[in-house]
1. Hey, can you find the accessible area per residue of the range 1-123 for me, probe 1.4 Å, expressed in square angstrom?
2. Could you tell me which of rounded, prolate or oblate describes the range 29-93, using a ≥ b ≥ c as the square roots of the eigenvalues of the alpha-carbon gyration tensor, with rounded for a/c under 1.5 and, failing that, prolate when a/b is larger than b/c and oblate otherwise?
3. Mean residue ellipticity at 222 nm from the helices of the chain, using -39,500 (n - 2.57) per DSSP H segment of n ≥ 4 over the full residue count, to the nearest 500 deg cm²/dmol?
4. Ordering C90, C63 by accessible area with a probe of 1.4 Å, largest first, what comes out?
5. Excluding same-chain residues fewer than 8 positions from K103, which lysines have a Cα within less than 24 Å of its Cα?
6. Would you please state which residues of the range 1-28 a label at S104 would reach in this model, taking the label point 7 Å out along Cα→Cβ and a backbone N cut-off of under 13 Å?
7. Once label points are set 7 Å from the Cα along Cα→Cβ at both T22 and D86, what is their separation, rounded to one decimal in nm?
8. Given a 1.4 angstrom probe, I'd like the percentage of the accessible area of the chain that is carbon and sulfur, rounded to a whole number.
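The values are calculated or read from the model by the stated rules, or taken from the named source; none is laboratory data. In this text the structure is predicted, and so the values were computed from the model without any measurement. Glycine also receives a Cβ, built like all others from the backbone with ideal geometry; neighbour counts cover every protein chain displayed. In case anyone asks, the SASA skips ligands and DNA or RNA and just uses the protein heavy atoms, side chains included. Shrake-Rupley method; radii C 1.70, N 1.55, O 1.52, S 1.80 Å.
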Amino acid sequence: MATQDIDICCRFSTDNLLRIQTALDGLNPVHRMTNNIPLDLTEENCCSLKTLYLNTDLGQLDCLGEVLGLGDFDEVKNLSEIIELDGFKCRILQLEALITAKKSMGRPKDIETIKQLEVIQKQRS
């Protein structure tokens, strides 16, 4: 199934959020859920954030402090594996963890995705 965004799970520490903002510099990030207000993180406002839903010049980016059904960054990291994409190493959720997360969300689009992921899971075993 096609997706319209990229979801990342990250530590929501002030330092890390400010690094994310720096990494997005030049991509014109705006808050997707609040009338496209430009991303302007400060040490003060970072403390209250649990998620960031952004539009950028390259598309939608969702930054999550935790993944429903799995937990916070450290727990999610333990349920991930490293793959190589276009010459870069990155972490993705293990298939079983992705299924667990989708089941926890329970949205209609997730239910269809679960069916497809379970077929893939059976083919891998």
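1. Numbers: 8400 Å² over 123 residues.
For the range 1-123, the solvent-accessible area averages 68 Å² per residue.
2. Oblate, because a/c is 1.5 or more while a/b does not exceed b/c.
3. Working: 5 runs with 48 residues, N = 125.
Rounded to the nearest 500, it is -11000 deg cm²/dmol.
4. Numbers: C90 40, C63 0 Å².
The ordering from most to least exposed comes out as C90, C63.
5. Here the lysines satisfying the reach criterion relative to K103 are K50, K77, K115, K122.
6. Residues passing the 13 Å test: 9-10.
7. The two pseudo-label positions are separated by 2.3 nm.
8. On the way: 4510 of 8680 Å².
Summing carbon and sulfur atoms, their accessible area is 52 percent of the total for the chain.
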